[in-house]
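The values are calculated or read from the model by the stated rules, or taken from the named source; none is laboratory data. Please read these numbers as outputs of a predicted model, since none were measured by experiment. Positions of Cβ are generated from backbone atoms using ideal geometry, with glycine treated the same way; all protein chains shown enter the neighbour counts. To get the accessible areas, we keep the full protein, side chains included, count just its heavy atoms, and leave off ligands, DNA and RNA. Shrake-Rupley method; radii C 1.70, N 1.55, O 1.52, S 1.80 Å.
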Amino acid sequence: MNIYVDPRMSDDRRRMELYRGSIIVHSPSPSALALCRLARELVEEAFRPLDPLKLHESVPAEKCAEILGVVKPKFIHHPDAKRHIRGMLAELGCDLEKTYFDVPRLRTAFPGDYLKSGIAYAFHAHRDTWYSAPFCQINWWVPAYEVQADNCMALHPRYFSRPIKNGSSQYNYHKWNAESRYNAAQQVKADTRVQPHAEESLELEPEIRMVCPVGGAYQFSAAQLHSTAPNTSGVTRYSVDFRTVHLDDVLNRVGAANIDSACTGTTMGDYLKGTDLSHLPKEAMALYLDGTETEYALSPAAR
């Protein structure tokens with residue numbers, strides 16, 4: 001596995017490297033820094049006058065979940081969030097006519113056992129491809145505040161080409177949207193929503209923890225096994241992530257190999273074109289529909 005830092009390569013080559021299991025790290029760009037500022041402004045406004053990095057010391061978990069249940073969707077739907085994503089992609093050499101992105105999510109990882117479920121779900125080791133993501137999906141992860149090795153995200157490269165027994169066959173993205181996505185803020189003590197997990201013991205070491213500066217970003221394939229690292233830092237980690245697909249790869253079915261994913265449905269209806277925010281063309285969507293979309297309400301773009 002290769003790790004590239006600020007590589008001088010085309011976006012086409014970057015994507016091919018990512019599909020082979022490489023990781024790419026980017027220094028902060030102007031739009032990435034602006035995206036992080038937006039995230040911090042919304043968080044600090046929501047929790048003022050408290051220190052957002054120390055909420056676990058003074059705010060009941062239920063109250064914190066309630067506030068996050070407002071601020072996280074506010075960030076997702078803020079028009080500046082999409083604008084900054086588009087700027088970031090352009091600054092890093094992506095073709096906005098062919099690059100499609102989903103809305104950015106604001107993530108939190110609290111210290112210890114404080115608020116690990118629902119709205120602040122601490123992700124177990126998983127591949128996004130277990131969650132109906134296409135194999136051409138590329139994940140982007142950006143710290144909004146300074147991160148440390150003991151509160152960031154972890155990648156587990158041992159498993160990129162090694163199958164894992166898992167529960168992805170029970171997961172359908174359309175069903176998740178219809179039944180589970182919108183009640184995250186109510187999952188405070190434990191998360192009862194059905195999600196795919198590994199069904200065998202995993203050897204998560206060696207793991208890779210990329211400690212980027214604020215606004216730094218790293219890219220990895222949706223097929224990479226990754227998890228929320230246990231937060232032992234004493235401060236909350238806030239990060240932003242989003243995902244992209246390239247139209248050529250969508251149409252040509254190019255991407256990482258499927259070694260163990262058996263989920264149904266597709267996230268293809270979520271991606272927005274980098275220029276005008278339109279959805280993927282119908283002919284591209286049709287390549288990924290499997291018939292299960294008729295059982296649940298699809299996003300407007302896929303109907």
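Excluding Ala257 itself, what net charge comes from residues whose Cβ is under 13 Å from its Cβ, given Lys and Arg +1 and Asp and Glu -1?
My count for the surroundings of Ala257 gives +3.
Counting only other residues whose beta carbon sits under 12 Å from that of Phe110, what net charge do I get with K and R as +1, D and E as -1?
It works out to a net charge of +2.
Over the range 196-303, give the accessible area per residue in Å² for a 1.4 Å probe, as an integer.
Normalised by residue count, the accessible surface of the range 196-303 is 41 Å².
With springs connecting C-alpha atoms under 10 Å apart, model the chain as a Gaussian network and identify which of Thr264, Thr228, Thr275 has the largest mean-square fluctuation.
Evaluated over the chain, the most mobile residue of the options is Thr275.
Quick one: if you stick a label point 7 Å off each Cα along the C-beta vector at Asp290 and Leu202, how many nm between them?
It works out to 2.0 nm between the two label points.
Classify the range 31-160 as rounded, prolate or oblate, taking a ≥ b ≥ c as the square roots of the eigenvalues of its Cα gyration tensor: rounded when a/c is under 1.5, otherwise prolate if a/b is larger than b/c and oblate if not.
Cα axes put the range 31-160 in the oblate bin.
Classify the chain as rounded, prolate or oblate, taking a ≥ b ≥ c as the square roots of the eigenvalues of its Cα gyration tensor: rounded when a/c is under 1.5, otherwise prolate if a/b is larger than b/c and oblate if not.
rounded
In the full protein assembly as shown, how much of Met1 is accessible to a 1.4 Å probe, in Å² to the nearest 10?
Met1 exposes around 110 Å² with every protein chain in place.
Round to a whole number: what % of the accessible area of the chain belongs to carbon and sulfur, probe 1.4 Å?
52
Multiplying the sequence separation of Asp80 and Arg37 by 0.36 nm and subtracting their Cα-Cα distance, what value in nm do you get?
Length gained between Asp80 and Arg37: 14.4 nm.
Using a probe radius of 1.4 Å on heavy atoms only, what accessible surface per residue do you get for the range 1-158? Whole Å² is fine.
Using a 1.4 Å probe on heavy atoms only, each residue of the range 1-158 averages 40 Å².
Using alpha-carbon pairs under 8 Å, 6+ residues apart, how would you state the relative contact order of the chain in percent?
Reported relative contact order: 30 percent.
What is the sum of charges around Trp130, taking Lys and Arg as +1, Asp and Glu as -1, for the other residues whose C-beta is under 13 Å from the C-beta of Trp130?
-1
Considering Cα pairs under 8 angstrom that are at least six residues apart, work out the relative contact order of the range 49-153 and quote it in whole percent.
So the answer I get is 25 percent.
Calculate one ³J(HN,Hα) per residue across the range 255-260 by plugging θ = phi - 60° into the Karplus curve 6.51 cos²θ - 1.76 cosθ + 1.60, and present them in order as whole Hz with x for glycine and proline.
Values, residue by residue: x, 5, 6, 8, 9, 7 Hz.
If amide H atoms are built 1.01 Å from N in the plane of the peptide, which residues on other chains or at least 5 residues away come under 5 Å of the amide H of Phe123?
The list, which skips near neighbours in sequence, is Thr228.
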